[in-house]
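Taking it in order: structure first as structure tokens, then the write-up.
The values are calculated or read from the model by the stated rules, or taken from the named source; none is laboratory data. Since the model is a prediction, treat every value here as computed from it, not as a measurement. Positions of Cβ are generated from backbone atoms using ideal geometry, with glycine treated the same way; all protein chains shown enter the neighbour counts.
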Amino acid sequence: MKIKVSTSPFFDSLEEYRPKHGSCEWILVAAGYGSGSPGGSGCIAYFLTKNNDGMWIMDSVTGEEGYEGNIEDFGDWDRSYREIVAICEDANTEITPSEIAEILYDAILKADGLDIEEPQDCYLLTFEQINSINDKYYS
């Protein structure tokens, strides 16, 4: 399994792996608030997809605090802060989306990427998983 991570805001080193619009379904990993979001304290969400070649791709969407709507309403967020933050090639074909989400979120934090400091909406990762990974790097 090969993992690549890009954690610098506005650094497009992994954007070449972004699937063409509509070719893949993005699944919410988790969302919440994080102090490291561009613009200071803000919202961050991670999404995961698997392309037709079997590559797992994690996307982050960040927005400033004070946006109109709920944290679940990602459409209202400032999409200029959207970037591919991690990819995984050559993963075991039996790996589940939840397992790869945990591996990639851990890799992002290990590389000093943005954490979900206050989880609000969890899907592929649980609150406990997020907090456990956060504690490894920010305790």
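The table below lists the values:
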read-out	value
Residue ID - modelled with the lowest pLDDT, chosen from residues in the stretch 119-133 that are of a type outside the set (A, V, I, L, M, F, W, C) and crowded, with 18+ Cβ neighbours inside 10 Å	Pro119
Residue in the stretch 77-99 that is modelled with pLDDT under 80, out of contact with any Cys (no Cβ under 6 Å at 6 or more places or on another chain), part of a loop (DSSP other than H, G, I, E, B) and buried (at least 17 other Cβ atoms within 10 Å of the Cβ) present	yes
Residue satisfying all of: in the stretch 38-54; in contact with a Pro (Cβ under 9 Å, 6 or more places away or on another chain) and outside any strand (DSSP E or B); modelled with the lowest pLDDT among these	Pro38
Restricting the stretch 55-69 to residues that are touching a strand residue (DSSP E or B) at 6+ places or on another chain (Cβ under 9 Å), farther than 14 Å from Lys2 by Cβ and outside any strand (DSSP E or B), the residue that is modelled with the highest pLDDT	Glu65
So Ile116, is it outside any loop (DSSP other than H, G, I, E, B), under 22 Å from Ile130 (Cβ atoms) and either within 11 Å of the chain's Cα centre (by Cα) or at pLDDT 90 or above (or both)	no
